[in-house]
Amino acid sequence: MRAITLLYHDVVPSGDWASSGFQGADADEYKMDGEDFRRHLKAIKDRFAGPLTLAPELSSGASAREDVPVLLTFDDGGAGAIYTADMLDEFGWKAHFFVTAGRIDSAGFLTSRQVRELHARGHVIGSHSYTHPLQMARCPAAQLDDEWRRSVACLDDILGEPTLTASVPGGYYSRQVAVSAARAGIKWLFNSEPVTRSHTVEGCLVLGRFGAKRGSPSAWSAAVVAGEGAVRTREYMFWNTKKVAKMILGPVWLRVRVALLERASRAPQSPPGEPGSGRYGNSPGDGPVR
Ligand SMILES: [Zn+2]
């Protein structure tokens with residue numbers, strides 16, 4: 001089946017990047033200012049009649065339909081998720097929040113109570129691993145199993161029901177990542193490959209996503225949701241170019257990328273040596289699009 005899924009991370013008020021989620025220049029690259037995000041939602045609403053779909057509503061195995069379902073997802077589980085949900089309320093929309101379970105109740109991240117609140121407000125809570133490994137696809141099988149199982153057990157405990165959805169940290173995906181997620185009971189797994197087609201691995205439906213980051217124009221999100229093929233093709237080509245570079249350069253890719261970002265962030269408003277800087281798994285690992 002096909003689905004159009006948008007991927008966001010932290011949405012924060014007044015560009016206060018440090019207020020939510022992982023810290024550092026590489027993580028901040030994926031955070032979006034609240035007013036920018038509201039423009040995205042408005043642009044999407046202008047182009048898409050709705051309603052939005054939640055993963056459990058997807059009927060796996062259904063053939064391509066004319067009305068391709070559209071899903072909204074938010075990664076990492078930063079404290080800004082509540083602010084994000086308030087904004088979604090303005091549009092009457094429900095979304096998916098993928099939470100780094102090991103960060104719950106720590107500074108800058110959702111508390112257990114807030115996770116329950118989001119769930120009670122009708123949003124889908126899913127796993128985003130337990131520790132947010134830098135390169136998920138390179139983890140040994142036992143570590144993969146541990147990441148998914150521990151995070152699922154943690155969320156099950158908080159919510160009192162089985163966790164069935166997940167997203168891959170950094171989008172660093174391999175089939176083994178999906179096999180392991182399926183073993184942990186995940187039925188819907190989102191990676192960061194900008195595609196609309198989905199496929200099934202061991203009973204788990206694997207879906208791609210189109211990633212927005214700081215500075216992404218609202219027209220881009222609207223075009224993706226509206227199913228403009230040219231935009232999606234460009235995104236796919238760009239993503240694959242970066243993927244190839246990452247595969248060839250391997251760890252060098254990560255070091256170069258982090259070094260460039262840290263240099264760029266050494267502005268007066270961003271103190272050097274910021275804790276956590278350069279250690280955010282999302283960006284380097286994800287390679288491609290976030
Ligand atoms: Zn992440």
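Where a number appears in this text, it was derived from the coordinates with a stated rule and is not lab data. Values in this document were obtained by computation on a predicted structure and should not be read as measured data. Neighbour counts run over all protein chains shown; Cβ positions are idealised from the backbone, glycine included.
Scanning residues 5 or more positions from Gly211 or on other chains, those with amide H under 5 Å from its amide H are Leu7, with H placed 1.01 Å from N in the peptide plane.
Modelled spin-label separation between Thr233 and Ser106, with each label point placed 7 Å from Cα along the Cα-to-Cβ direction: 4.4 nm. Taking Cα centroids, how far is the stretch 88-120 from the stretch 13-41 in Å? If you average the Cα positions of each part, the centres end up 16 Å apart.
What ranking, highest mean first, results for peptides 10-19, 138-147, 169-178 when packing means the other Cβ atoms within 10 Å averaged over each residue? It would help to have the intermediate numbers written out before the result.
Details: 10-19: 18.3, 138-147: 16.5, 169-178: 22.6.
The densest-packed peptide leads the list: 169-178, 10-19, 138-147.
For the stretch 1-112, the normalised intensity computed at q = 0.12 Å⁻¹ comes to -0.45 (log10 of I(q)/I(0), Debye sum over alpha carbons, equal scatterers, no solvent).
Using a/c under 1.5 as the rounded threshold, could you call the stretch 51-169 rounded, prolate or oblate? The axes a ≥ b ≥ c are square roots of the C-alpha gyration tensor eigenvalues, and prolate needs a/b larger than b/c, oblate otherwise. It is oblate, given that a/c is not under 1.5 and a/b is not larger than b/c. Remark on His199: its backbone amide H falls under 5 Å from those of Val206, a criterion applied only to residues 5 or more positions apart or on other chains, H modelled at 1.01 Å from N.
Across the stretch 121-133, coupling constants 3J(HN,Hα) worked out from phi with the 6.51/-1.76/1.60 Karplus curve, θ = phi - 60°, read 7, x, 8, 8, 9, x, 7, 10, 6, 9, 10, 6, x Hz, and Gly and Pro carry x. Stretching Lys213 away from Lys42 to a fully extended chain increases their span by 59.9 nm, per 0.36 nm per residue minus the current alpha-carbon distance. Once the Cα-Cα distance is subtracted from the 0.36 nm per residue extended length, the Ser19 to Thr200 segment shows a gain of 61.5 nm.
Between the C-alpha center of the stretch 136-159 and that of the stretch 166-220 there is a gap of 15 Å. Karplus-derived 3J(HN,Hα) values for the stretch 197-208, using 6.51 cos²θ - 1.76 cosθ + 1.60 with θ = phi - 60°, are 7, 10, 8, 10, 10, 6, x, 9, 7, 9, 10, x Hz; glycine and proline are entered as x. Residues whose amide H comes within less than 5 Å of that of Phe190, counting only those at least five positions distant or on another chain, are Ala166, Ser167, Val168, Leu207 (H built at 1.01 Å from N in the peptide plane). Once the gyration tensor of the Cα atoms in the stretch 74-135 is diagonalised, the equivalent ellipsoid follows with semi-axes of 20, 12, 10 Å, ordered largest first.
Report ³J(HN,Hα) in whole Hz for each residue of the stretch 209-225, in order, from the Karplus equation J = 6.51 cos²θ - 1.76 cosθ + 1.60 where θ = phi - 60°; Gly and Pro get x. The phi angles translate into 8, 9, x, 9, 9, 3, x, 4, x, 4, 5, 5, 4, 4, 5, 4, 5 Hz.
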